[in-house]
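Encoded as structure tokens, the structure appears first; notes follow it.
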Amino acid sequence: MFKPENSALMIIDVQGRLASLIHGADDLIKEINIMIKAAEILDMPIIWMEQYPKGLGTTVAAIKDNLTGHQAIEKITFSGCGNDDVLKALKDSDRNQVIVTGIESHVCVYQTVLGMISEGYQVAINQDAISSRTPTNKQLGLERMKDAGAIKTSTEMILFELMQTAEHPKFKQISNLLK
């Protein structure tokens, strides 16, 4: 069971021109933004990465504008876990559960998830907030992550899991995000 006090949100590489080429890009951005707002409401740390921003561009404004107060971690490795700053952010979050969003499902998201699993983290992959340029690669990435031990979830499913009850003090704020 994922709980806010044990969980962090991870955003992987939703950058530049590549983000506009992603299958279902508008829906992806909408779902990631819901997760960002929910993480802030539930006081969950956000770990945000950018793959080689000098070459690929920075995070798209539609997401970056919702990350004020957070700092992107630049990386050149496909796996975030191949970057010391990402590993430090994970350790410093003092959380053992990570909810993953971002692109591309079959490359950077996949490799980062495998790295976190090997580091002992429990990983939930939000299929609403993960994509690739093609639906086939998105699906392949999701299947491989699940086979490796990640838990498949959706935005609504994970948010209600985090709250566990309609009596949760943040229930109204979170449920309003889903309307």
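No lab work stands behind these numbers, since they all come straight from the coordinates. The model shown is predicted, which means the values in this text are computed figures rather than measured ones. Backbone-built Cβ (ideal geometry, glycine too); neighbour counts: all protein chains shown.
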Note down the nm distance, to one decimal, between modelled labels 7 Å out along Cα→Cβ at Ala166 and at Glu74. 5.0
Rounded to whole Å, √(5λ) for the Cα gyration tensor eigenvalues of region 28-79, largest first, gives 21, 12, 10
What are the semi-axes of the equivalent ellipsoid of the chain, taken as the square roots of 5 times the eigenvalues of the Cα gyration tensor, listed largest first and rounded to whole Å? 22, 18, 16
Could you please tell me the mean projected area of the C-alpha convex hull for region 124-179, averaged over all directions and given in square nanometres to one decimal? 4.4
Region 77-172 - Debye-derived log10 I(q)/I(0), Cα point model, q = 0.11, 0.16, 0.20 Å⁻¹: -0.33, -0.67, -0.96
Using 0.36 nm times the number of residues separating Ser20 and Lys152, minus their current alpha carbon distance, what extension gain do you get? 45.1 nm
Between Leu178 and Asp43, what is the label-to-label distance in nm when each label sits 7 Å out along the Cα-to-Cβ direction? 2.2
Please state the Cα pair-distance histogram of region 41-112 with 5 angstrom bins from zero: what percent is in each bin? 3, 14, 26, 29, 20, 7, 1
Explain nothing, just the number: relative contact order of the chain, from Cα pairs under 8 Å at least 6 residues apart, as a whole percent. 28
Stretch Asn96-Glu119 to full length: gain in nm at 0.36 nm per residue minus the Cα-Cα span? 7.3 nm
What is the distance in Å between the Cα centres of region 100-115 and region 57-76? 17
